[in-house]
Amino acid sequence: MLHPFRPEQLSSDVRPSESDVQSVLLSAEQVQERVAELGAQISRDYEGKDPVLVGVLVGAAVFTADLLRHITVPCSLDFVAISSYGKESRSSGVVRILKDLDESVESRHVVIVEDIVDTGLTLNYLLDIMRHRNVASVRVCAMLDKPSRRLTSVDVDYIGFEVPDEFVVGYGLDFAQRYRNLPYVGILRPEVYGGK
Ligand code: IMP
């Protein structure tokens with residue numbers, strides 16, 4: 001028999017991969033509070049503009065879904081998938097589209113939704129693609145920003161949190177496809193990814 005779901009049972013300290021997490025950087029509550037603020041800000045800025053949110057798969061899937069529910073103006077949703085780090089923890093600088101948008105963004109107000117801006121290479125590539133598609137405007141909303149690692153300058157219009165130069169997981173962010181299900185953002189133990 002299925003028992004009713006009780007959210008209070010979903011405590012972050014019963015998650016299986018917890019032992020790989022060195023420390024919790026942003027609690028689930030902090031994340032949710034900030035996502036609501038970002039949603040409210042975007043709603044104010046895009047009043048009457050019918051924006052399209054473009055989530056960058058897979059990392060931004062969780063953030064995009066939460067953010068969308070805090071957007072109070074009419075909007076649409078689309079996704080792109082780009083090549084990710086695979087099992088490595090650092091960017092190779094090689095970016096390619098694995099899944100393109102379903103709908104045309106010509107003359108639309110686009111908000112790219114990213115999980116984290118690290119070197120900025122991925123975002124620069126995506127911004128270039130959007131601009132070539134004759135969008136009305138394009139802005140970026142990133143849950144996390146790691147400015148210390150930037151290799152190329154890129155404007156991020158909406159930022160959830162600035163984070164230090166650590167490899168973080170959770171709230172959609174992975175290492176080797178794991179930890180995306182953690183409701184908080186944690187610092188991964190360097191031993192796990194063979195880092196510093
Ligand atoms: P960038 O091109 O170096 O800015 O990298 C962007 C992508 O790298 C993000 O969308 C993430 O998928 C991934 N990434 C960068 N830093 C981290 C991290 O600390 N944890 C998990 N993924 C990361």
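Quick notes
- Using R0 = 30 Å, the C-beta based FRET efficiency linking Gln22 and Ser104 works out to 0.10.
- For the stretch 125-196: Kirkwood Rh in Å [reciprocal of mean 1/r, alpha carbons]: 14.2
- Counted over all Cα-Cα pairs of the stretch 93-164, pairs farther apart than 16 Å make up 49 percent.
- Heavy atoms of Ser153 accessible to a 1.4 Å probe, total area in Å² rounded to 10: 100
- The stretch 63-196: Cα Rg divided by the 2.2 N^0.38 Å rule of thumb: 1.07
The values are calculated or read from the model by the stated rules, or taken from the named source; none is laboratory data. The structure displayed is predicted, hence computed values, not measured ones. A quick note on method: Cβ atoms are made from the backbone with ideal geometry, for glycine too, and the neighbour counts reach across all protein chains shown. Calculation scope for accessible area: heavy atoms of the full protein, side chains included, ligands and nucleic acids excluded. Shrake-Rupley method; radii C 1.70, N 1.55, O 1.52, S 1.80 Å.
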